[in-house]
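A quick write-up on the structure given underneath.
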Amino acid sequence: MESPTLVICIVTFRRPDGLGRLLERLHVLDTSGITVELVVVDNDQQGVATTVVEASGLTSRWAVTVDVEPQRGISHARNRALALALSRRPDWIAWIDDDEAPRSDWLARLLETQERTDADVVIGPSSPIYEPGGKAIAVDCGAFEAPSFVTGQTIRAYRARTSGVIVRASVVPPEGFDESLSLTGGEDLLHFTLIERRGGRIVWDADAIVDEWIPASRQTPAWLLRRWFRVGVTRSLVMLLLDQPAWPRRIRRMAAGAWLAGKGLVLALMAVPRGADVSLAALRLTMVGIGSAVGAFGVHYREYRTVHGR
């Protein structure tokens, strides 16, 4: 019986150090019982990823494809990587980001959980590694902590992401990643929501861990507030793309977002005696609510104008 095949997809943009660190970890990845290939797509026309991959020596272990997607935007780069991966006709596609690096048993654990649960998507947690220079309040509020699910538990699509995950190739939406979300984010939310709506099952593996480097520029209250706002915006944008709701539903979503924002503000004020970090954590509801209300009217927020951890 032939071993299953899997393509690991990496999209990178102006993070040569992060990409190099990721490739070093892939060298020691346990891939017993599976045939692995690697696809790296650089979203920068300078194409420094080619040099980094060649220096890593991974081409001696796996078949490696490096390509450049000149059109700026995460969806464009992901679609290029996806097309290259699917052209290999694999059984599985894995995604991992250039600011992450897997533990040596990451892939083996995902595949073991998949075999036990027969899931279509299996994803694990990111363990944050905080680079120096950030604000303690941003760390203490718990914003970067992974959700606490048990291994094998079915999770909703909004909990999935294109990092630290394996996806059965046969359930990949033929639409790929929506390019209207390329500069705003949320393309992975739409991607996994389509898989879920079409009957795909997404499960969690608490032990399939990837380390994620958090630069100081993200360890600030201002960045967290913007990120939470963007989460709300993209959830509404995905709703618009999927369901094309009429105006009454948009208005109801706006009202629900405003209620959530008010609730978060009240909780934040009540939490003041317990510490600034607790108040900041409560403001997550406020910013998601505001973003959800704004996004219900089709407003985009371009989070990816700034590259963190360059």
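The values are calculated or read from the model by the stated rules, or taken from the named source; none is laboratory data. Because the structure is a prediction, the values reported are computed rather than measured. Every residue, glycine as well, gets a Cβ built from its backbone with ideal geometry; the counts of neighbours run over all protein chains shown. What goes into the accessible areas is simple: the full protein's heavy atoms, side chains included, and nothing from ligands, DNA or RNA. Shrake-Rupley method; radii C 1.70, N 1.55, O 1.52, S 1.80 Å.
Summary of values
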| item | result |
| --- | --- |
| Search result, residues across the stretch 104-127 that are farther than 21 Å from V171 by Cβ and in contact with a helix residue (DSSP H, G or I) (Cβ under 8 Å, 6 or more places away or on another chain) | S104 |
| Scope the stretch 119-130; condition surrounded by fewer than 17 Cβ atoms within 10 Å (Cβ to Cβ) and either among the hydrophobic types (A, V, I, L, M, F, W, C) or closer than 17 Å to E196 by Cα (or both); matching residues | I129 |
| Scope the stretch 184-208; condition open to solvent by 10 Å² or more (accessible area, probe 1.4 Å) and under 14 Å from the mean Cα position of the chain (by Cα); matching residues | D188, L189, L190, T193 |
| Considering residues of the stretch 1-45 that are within 21 Å of A83 (Cβ to Cβ) and open to solvent by 20 Å² or more (accessible area, probe 1.4 Å) only, the residue modelled with the lowest pLDDT | Q45 |
| Residue match in the stretch 238-256 (condition: closer than 21 Å to V278 by Cα, open to solvent by less than 30 Å² (accessible area, probe 1.4 Å) and assigned to a helix (DSSP H, G or I)) | no |
| Residue within the stretch 152-171 that is of a type outside the set (A, V, I, L, M, F, W, C), open to solvent by less than 40 Å² (accessible area, probe 1.4 Å) and in a helix (DSSP H, G or I) present | no |
| Strands (runs of 3 or more DSSP E) contained in the stretch 1-106 and holding at least 3 residues in contact (Cβ under 8 Å) with a residue 12 or more places away in the chain and over 21 Å from the mean Cα position of the chain (by Cα) | 63-68 |
| Residues within the stretch 65-92 that are within 24 Å of Q114 (Cβ to Cβ) and among the hydrophobic types (A, V, I, L, M, F, W, C), tallied | 7 |
| Flag for L260 being touching a residue at least 12 places away in the same chain (Cβ under 8 Å), over 30 Å from D98 (Cα atoms) and assigned to a helix (DSSP H, G or I) | yes |
| Positions within the stretch 176-212 being among the aromatic types (F, W, Y) and over 23 Å from A77 (Cβ atoms), in sequence order | W204 |
| R116 open to solvent by 20 Å² or more (accessible area, probe 1.4 Å), farther than 23 Å from R25 by Cβ and part of a loop (DSSP other than H, G, I, E, B) | no |
| Residues (open to solvent by less than 70 Å² (accessible area, probe 1.4 Å) and at pLDDT 95 or above) located in the stretch 134-151 | G134, A136, I137, A138, V139, C141, G142, A143, F144, F149, T151 |
| From Q153, Q244, Q219, residue being of a type in the set (S, T, N, Q) and touching a Lys or Arg at 6+ places or on another chain (Cβ under 6 Å) | Q219 |
| Which listed residue is within 17 Å of the chain's Cα centre (by Cα), of a type in the set (K, R) and farther than 24 Å from Q153 by Cα, from R230, R235 | R230 |
| Residue match in the stretch 282-296 (condition: within 21 Å of A138 (Cβ to Cβ), hydroxyl-bearing (S, T, Y) and surrounded by fewer than 19 Cβ atoms within 10 Å (Cβ to Cβ)) | no |
| Residues that are touching a strand residue (DSSP E or B) at 6+ places or on another chain (Cβ under 8 Å) and open to solvent by 30 Å² or more (accessible area, probe 1.4 Å), drawn from the stretch 66-94 | V66, D67, V68, I74, R80, L84, L86, R88, R89, D91 |
| Any chance L183 is at pLDDT 95 or above, under 27 Å from G257 (Cβ atoms) and of a type in the set (A, V, I, L, M) | no |
